[in-house]
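Beneath this line is the structure, given in structure tokens, with notes to follow.
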Amino acid sequence: MNGEMNAKLTSAEIASLWTGYMNDSMEKCILGFMLKHIEDPDIKPVVQYAYDISSSHLKQLVTIFNKEEYALPNGFTEEKDVNMDAPWLYTGLFCLSYVNHMAKVGMKAYSDFISLSYRKDIRNYFIKALSEITTLFEQSIDTSLLKGLNARHPYIQVPKEVDYIDSKKYFSGLNPFSEKRPLNAVEITYLYQNVTTNSVGMKLCLSFAQTSPLKEVQDFMIRGRDISKKHIKIFVDTLMKDDIEAAQVPDVGISDSTTQTFSDRLTMFQMFLLMSSGIGNYVTSTAKSQRSDLVVNYERLSLEVSRFAKSGADIMIANNWLEQPPGTKNRNKLATDKE
């Protein structure tokens, strides 16, 4: 066991730890600001727990980094990346929706990190982190139901018998002159999931646009809002064609504050995290969907988000905001640059 604990970190473990630190340092900043303005006694403990998780993770990660002589990432700090004196920006219900969404993102991420880790101590860290984020997800769901923020996935009739696909037409859907088969339960699930995730992204984009002092960031965020709105409409229209209504949620909006609240570096990183998660959702939706028109839609929408992400990366690089993940040395450059 001691030999295993003293084994060097693999590239996957280094990447997972670095990603976890960056994400938790960003989350701590956003959640810390939210906590200052939440008054709802049901919502505040959920956001507080989310903040405590991120704070605890950062302390544990610093210990691991120091032990491994691993350069501490810059990440984000409440001193440099948050204006705690800014007016309130988000309603309590939005804060709850945000925590719920980020808990879902976290559960997927930590599951991946566990599967990529070999060292027992690193696996134990990520297993515990997954347990904590799952508890947070449970708390956010229960509180959402309590507060009436209960936009559940659509209901369909429970199946009474087993059936089999008896024709290749089941997979069709591109011909505009032929009738498409009704959506199945799996396809409905992913269509609605992508409605809810884009809704959170749309509100965040709007809040970041109106509080950023830089026009290039404002324009980027407005473009992100418009893309999310367009994607939501596509998914909702697809559901409505089968008379499946996407549930409406209570107002989970933002204030009209224009005071800069978060650094542009932080808001751009947050959008990158959401876009990465969104593209992953679209890829999964593509694999799970059996109607060809849905597959084509997800593929073209994924490409649109990828191009949007590339334009964001260009902004971050130009402003020296994009922290580079750990990597290997360029061996050719080392060989040719010797004095």
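For Ala71 and Lys233, compute 0.36 nm times the residue count separating them, minus their Cα-Cα distance, and round to one decimal in nm. Before the final figure, lay out each step's value.
Numbers: separation 162, 0.36 × 162 = 58.32 nm, distance 4.45 nm.
Extending this stretch completely gives an extra 53.9 nm.
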Ser292 and Met240 label points (each 7 Å along its Cα→Cβ direction) are spaced in nm at 2.7
Amide H to amide H under 5 Å from Tyr90: which residues, 5+ apart in sequence or cross-chain, H placed 1.01 Å off N in plane?
Ser255
FRET efficiency, 1/(1 + (r/R0)^6) with R0 22 Å, evaluated for Glu138 and Ser115 via beta carbons:
0.50
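Asp314 to Ala15: extension gain in nm, 0.36 nm per residue of separation minus the Cα-Cα distance? Before the final figure, lay out each step's value.
Values: separation 299, 0.36 × 299 = 107.64 nm, distance 2.22 nm.
Stretched fully, the Asp314-Ala15 segment lengthens by 105.4 nm.
For Val62 and Arg181, what does the FRET efficiency come to when R0 = 56 Å and r is the distance between their Cβ atoms, rounded to the nearest 0.05?
0.55
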I'd like to know which of Gln48, Ile38, Met22 lies farthest towards the positive end of the charge dipole of the range 10-87, counting +1 on Cβ of Lys and Arg and -1 on Cβ of Asp and Glu.
Met22
Near Lys160, which lysines are there with a Cα under 26 Å away, not counting those fewer than 8 places off in the same chain?
Lys168, Lys169, Lys180, Lys241, Lys288
Please give the helix 11-37 orientation as an angle from the longest Cα principal axis of the chain, in degrees from 0 to 90, rounded to the nearest 10.
80
For the chain, what does the relative contact order come out to in percent, with C-alpha contacts under 8 Å and a separation of six or more?
21
Going down the table (Lys80/Lys104; Lys28/Lys229; Lys28/Lys80), which pairs top 22 Å between alpha carbons?
Lys80/Lys104; Lys28/Lys229
Mind checking the angle between helix 215-240 and the chain's longest principal axis? C-alpha axes, 0 to 90 degrees, to the nearest 10.
30
Protection proxy (average C-beta count within 10 Å per residue), highest first, orders 133-140, 24-31, 102-109 as 24-31, 102-109, 133-140
What full-extension length gain, to one decimal in nm, is calculated for Asn124 and Ser55 as 0.36 nm per residue of separation minus the Cα-Cα distance?
23.1 nm
Set the Förster distance to 45 Å, then compute FRET efficiency between Tyr164 and Ser276 from the Cβ-Cβ distance, nearest 0.05.
0.75
With only helices counted (DSSP H, runs n ≥ 4, each -39500 (n - 2.57)), the per-residue ellipticity at 222 nm for the chain, to the nearest 500, works out to -22500 deg cm²/dmol
Per residue, how much accessible surface does the chain expose to a 1.4 Å probe? Answer in Å², no decimals.
54
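The values are calculated or read from the model by the stated rules, or taken from the named source; none is laboratory data. All of these numbers come straight from a predicted model, not from anything done at the bench. Backbone-built Cβ (ideal geometry, glycine too); neighbour counts: all protein chains shown. Accessible surface areas use protein heavy atoms only, side chains included; no ligands, DNA or RNA. Shrake-Rupley method; radii C 1.70, N 1.55, O 1.52, S 1.80 Å.
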